[in-house]
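A quick write-up on the structure given underneath.
Just so you know, all these numbers are worked out from the coordinates, no wet-lab data involved. Please read all numbers here as calculations on a predicted model, not as lab measurements. Every residue, glycine as well, gets a Cβ built from its backbone with ideal geometry; the counts of neighbours run over all protein chains shown.
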Amino acid sequence: MALLQQFPVQLPVSVDVLVVLAVIVVALVLFIFQPVSIDTTAIALMVVLILLGPWTGVSPEEGVSGFSNPATITVLAMFVLSEGVRQTGIIQILTRKMETFAGDSESRQLLATVGLGGPSAGFVNNTPIVAVLIPAVTELARKTGTSPSKLLIPLSFAAMLGGMLTVIGTSTNLLASKSLDCVQDELDAAATLDVPYYVFHPGAHTGAGEEMGIENVGERLSEVDVPSNVTLLLENTAGKGTTVGKRLEDLDDMVEASVYGYGDLGIYLDTCHLFAAGYDFTDEAAVDDLVEEIDSTVGIENVQYLHLNDSKHPLGSEKDEHEHIGEGEIGEAGFRQFVNYDALREKPMVLETPEDERGYAWNIAKVTELRTDD
């Protein structure tokens, strides 16, 4: 009889990824075949992502945060408006007007659809504009024998383009405008309180592409007024999802894309984010390489603060989950090299380690222990 031994199997992807992929596949099937209503599936998806938080990384606060977003509330209000418009009978009137203008000509139907949907979307949120016009356009297509897709797809693109005309044109514009207002308010508060630094997370490109996302960050930074007694610090990211700023050259590109230079802007380096983004500093040679790259991109003199925290996940994982100093994947040896390196040891250091019974006192003592006097 052969004896079988079980060996640990190294999966090509993490369990977290498999769980998220499984949830996506199930959600996709439910959305396509609709055994239950789409809104039920959407709510259930949110609940499942929260319940599987240890694997998906979605906390209850993050899961429900969208409901309180001004953009979400605006879109909901616009749909209420759309239903009110529908019940007035104006859709039928609009359909007749479009039919009178366009007749059986597909080109005139297209002109009427795009001409009405595009400009309107600049002054009323583009999502409800599409919602209001879909019944009218569909009815027009039915009466004239035109394929609905020949009109509905151009309507969608025209509304998206029209939504770029004003801030209220799309919920994305509303969100971006609100974010800039928040940043400006906090910068002004920092100036009033004589707080010298303001830490800024670059955010995510949300599908627009990394290059466009980096350029957008620089352009948005140009829209805020950085007070003369405050330096805005760009923090590097772990790179999860569509977040931008995990590479040091990305941070430098953001500065270059803005109207500001170093002095008004600076760099805030998070050790967990560096490690998760693939920057190794667990031995002397690795720290040499890291410091050389810092100096050749953002410049070591522009790094104003070091944000110390260990990582619960391996090098290059792109996961931002902090661990106590020396107890994660970076380890004591890595931090000993990092905090004692000549070009880094005199930089101000702050902690953001897990909140438990040990607290920051334990981690401060650990960093002090790892620092040498020579």
If amide H atoms are built 1.01 Å from N in the plane of the peptide, which residues on other chains or at least 5 residues away come under 5 Å of the amide H of I330?
S311
DSSP-loop GluC sites (Glu not before Pro) across the stretch 279-374, with at most 13 other Cβ within 10 angstrom:
E346, E355, E357
log₁₀ of I(q)/I(0) at q = 0.10 Å⁻¹ - the stretch 23-114, Debye sum with one point per alpha carbon:
-0.52
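Hey, what number do you get for the chain at 222 nm if only DSSP H runs of n ≥ 4 count, each worth -39500 (n - 2.57), divided across all residues, to the nearest 500?
So the calculated ellipticity at 222 nm is -17500 deg cm²/dmol.
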Report the percentage of all Cα-Cα pairs in the stretch 175-370 whose separation exceeds 23 Å, rounded to a whole percent.
44 percent
Pairs to check: K312/K366; K246/K366; K178/K319; K97/K143. Give those whose C-alpha atoms are more than 25 Å from each other in this structure.
K246/K366; K178/K319
Segment F101-L193, extension gain: residue separation times 0.36 nm, minus the distance between their alpha carbons
26.9 nm
Whole-number percent relative contact order across the chain, with pairs defined as alpha carbons under 8 Å at least 6 apart
9 percent
Please work out which option in [x] 35, 28, 18; [y] 49, 28, 18; [z] 32, 22, 19 gives semi-axes √(5λ) of the Cα gyration tensor in Å calculated from these coordinates, and answer with its label.
[y]
Take the Cα pairs of the stretch 71-168, get the Kirkwood Rh, then feed it into Stokes-Einstein at 25 °C and 0.890 mPa s and tell me D in µm²/s.
183 µm²/s
Go ahead and set up a Gaussian network model of the chain, Cα springs under 10 Å, then flag whichever of I364, I294, I330 fluctuates most.
I364
